[in-house]
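Read through the structure below, which is laid out as structure tokens, and then see the notes.
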Amino acid sequence: METNTQVTLKEVKTTRFNYSILAIIVLIAVVIGETWYISNLRNIIKLSPSKQTNAPNLENLISIKGVVRTAGLSGEEKEKVGLSDVNFQITNIEDSTQYETNGYFLKKDNLERLVGKCVQIIGTIPNEWSDEKIKESYDFRRFVFEYHRIALIPTKIVELNYSSCQPYHDLDTEGNTQLQGTIVRNQRGSPFIDNDYEIRLVKPTLSVLGFENIPQDFKLIIKPAKNSVWPNIESQIGKETIIVGYVNKSGYAKGDNLGHFSVTGVRPLFSNRNVPASILPEQVDKTYTFNGIEYAIFQKGSMNVVKPGDTSGILYANKDNNTWKIFTRVKELSKSKNNPYLMDYQNGKLYVLVVDTNGAGSGEGIGKLMSLTSGSITWNLESCFYYGWSQERFYEIVSTTKNLPEAIRKYIASLPQNMSTLSSDSKKHCNDFQLIQD
């Protein structure tokens with residue numbers, strides 16, 4: 001028994017000895033790993049001897065998530081605070097850091113490809129931008145007070161998905177004004193004024209939008225109304241595009257050189273097709289593809305639809321066509337100003353929702369669901385109802401149902417009792433127009 005006990009104690013001592021050796025090995029590995037990381041981080045920074053004063057303090061690395069934008073600084077402002085080589089900033093930051101700031105001016109070149117992108121940046125604050133240094137300089141104090149931004153030396157930048165950043169406040173608003181033009185980046189005039197996108201219109205429609213005394217250097221600035229619209233705008237930079245939304249006149253005065261437009265939707269042009277001479281590109285709205293044929297609805301101006309032109313209907317084109325052709329025109333039999341809103345194809349029938357202006361306002365009117373059987377040239381009235389009560393609810397039903405006739409049946413069933421049945425005056429608008437095949 002004693003012999004066995006002695007053997008067991010030896011085994012325990014040996015085991016303890018082995019654990020001690022293992023712990024020492026792990027500690028050495030950690031030290032070597034940290035030394036390697038710091039050494040490689042210095043290699044990444046690649047500082048020249050003349051720039052050693054800006055060498056980052058590796059003990060003060062910070063991580064920032066946000067969106068890269070143009071700096072918005074004048075040459076004079078840059079000179080005063082030693083940012084002559086800075087052209088970009090990271091803003092809309094979401095990470096909590098020890099610095100109370102709304103963004104960082106990035107002391108790094110060649111960031112053009114990351115402008116407008118969501119990124120994660122690891123970096124350090126330059127020595128001259130420490131709290132102590134800022135307090136010693138009037139120019140630095142004034143700069144930080146005015147812009148709530150300091151400088152950052154990036155050591156690593158990782159591009160993230162757009163969904164990882166939320167730079168815009170989602171506005172629960174819709175707009176039906178449609179514009180066609182080329183989206184381009186705009187240089188910020190100030191670090192915190194987010195005039196990041198401009199649309200250069202195909203045709204001058206600024207007077208239609210209500211801008212007056214327009215100077216030659218006028219720019220129409222566009223801004224996403226929701227975060228989900230932002231990636232769509234980014235994908236169309238430098239391309240001719242159709243945008244949907246509404247004019248934002250807040251702060252605008254006659255003769256200003258900037259106008260603002262909030263974008264609720266972006267639609268790339270299909271093959272950059274030309275439209276018939278009798279309509280304007282701005283009249284074209286939603287597009288669809290049914291059985292290999294592409295369709296597009298075009299609308300006219302009314303109290304519910306802000307567009308130029310006085311005709312409405314449906315266009316069509318085969319895949320290889322360079323020009324849209326008119327498929328159907330709306331012929332008015334009164335002054336109701338009917339416009340097509342939506343299309344669908346179900347069970348051998350082409351459907352279109354037509355809405356007039358005979359409502360209580362705010363986009364309301366009498367809705368008519370029309371159908372055209374394959375091979376026929378005559379449109380038939382499927383249903384007539386009051387359109388516009390809870391439009392958000394209507395489009396939610398359309399989106400989830402993915403069947404326009406069924407969605408309209410559900411919508412009518414959800415209407416309040418006083419709206420579910422049309423009055424005799426309203427019923428006469430069910431047939432005060434015709435859809436004429438060209």
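Note on the stretch 163-284: the C-alpha convex hull projects to 8.3 nm² when averaged across all orientations. Remark: the stretch 183-193, residue by residue, has Karplus-estimated 3J(HN,Hα) of 8, 10, 6, 10, 6, 4, x, 8, x, 9, 9 Hz, where x stands for each Gly or Pro and the curve is 6.51 cos²θ - 1.76 cosθ + 1.60 at θ = phi - 60°. Starting from the Cα of Asn347, step 7 Å toward the Cβ, then list every residue of the stretch 353-395 with an amide N under 14 Å from that point. Counting backbone N atoms under 14 Å from the label point, the list is 371-374, 382-383. The trypsin sites (Lys or Arg not before Pro) found in the stretch 318-388 that occupy coil by DSSP, while having at most 16 further C-beta atoms within 10 Å, are Lys319, Lys335.
The base-10 log of I(q)/I(0) for the stretch 281-437, evaluated at q = 0.08 Å⁻¹, reads -0.21 [Debye formula, identical scatterers on Cα atoms, solvent excluded]. Under 19 Å from a label point set 7 Å out along the Cα-to-Cβ vector of Asn274, the amide N atoms of the stretch 302-338 belong to 315-327.
Of the trypsin sites (Lys or Arg not before Pro) found in the stretch 263-316, no site is in coil according to DSSP while having at most 11 other Cβ atoms within 10 Å of its Cβ.
Taking 0.36 nm per residue of separation and subtracting the current Cα-Cα distance, fully stretching the chain between Ile214 and Arg113 would add 33.1 nm. Backbone phi angles across the stretch 322-331, fed through the Karplus curve with coefficients 6.51, -1.76 and 1.60 (θ = phi - 60°), yield HN-Hα couplings of 8, 9, 5, 10, 7, 9, 9, 10, 8, 9 Hz in residue order; Gly and Pro are listed as x. For Pro276, what charge total do you get from the other residues with a beta carbon under 13 Å from its beta carbon, if Lys and Arg give +1 and Asp and Glu give -1? Cβ neighbours under 13 Å give a net charge of +2.
What does the net charge come to around Val247 if you take all other residues with beta carbon closer than 15 Å to its beta carbon, with K and R at +1 and D and E at -1? Provide the component values of the computation, followed by the final result.
Working: positive: Lys219, Lys223, Lys249, Lys254, Lys307; negative: Glu174, Glu198, Glu212, Asp256, Glu282.
That works out to 0.
One decimal place: the segment Asp170-Asn322 gains 51.0 nm when fully extended, by the rule 0.36 nm per residue minus the C-alpha distance.
Exposure proxy ranking for Cys165, Cys430, based on other Cβ atoms within 10 angstrom of each Cβ and starting from the fewest, stands as Cys430, Cys165. Over all other residues within a Cβ to Cβ distance under 13 Å of Glu212, the charged ones net out to +1, with Lys and Arg as +1 and Asp and Glu as -1.
Work out how much length Leu61 to Gln417 would gain on full extension: take 0.36 nm times their residue separation and subtract the Cα-Cα distance, in nm to one decimal. Walk me through the intermediate numbers first.
Details: separation 356, 0.36 × 356 = 128.16 nm, distance 6.39 nm.
Net length gain for the segment: 121.8 nm.
At a Förster radius of 45 Å, what calculated FRET efficiency corresponds to the Cβ-Cβ distance of Ser130 and Asn248, to the nearest 0.05? Before the final figure, lay out each step's value.
Working: r = 40 Å, r/R0 = 0.89.
For Ser130 and Asn248, the calculated efficiency is 0.65.
Taken together, the values in this text are just the output of simple stated rules run on the coordinates, not laboratory data. Model, not experiment: these values are computed from the prediction. Here Cβ is always computed from backbone atoms with ideal geometry, including for glycine, and neighbour counts include all displayed protein chains.
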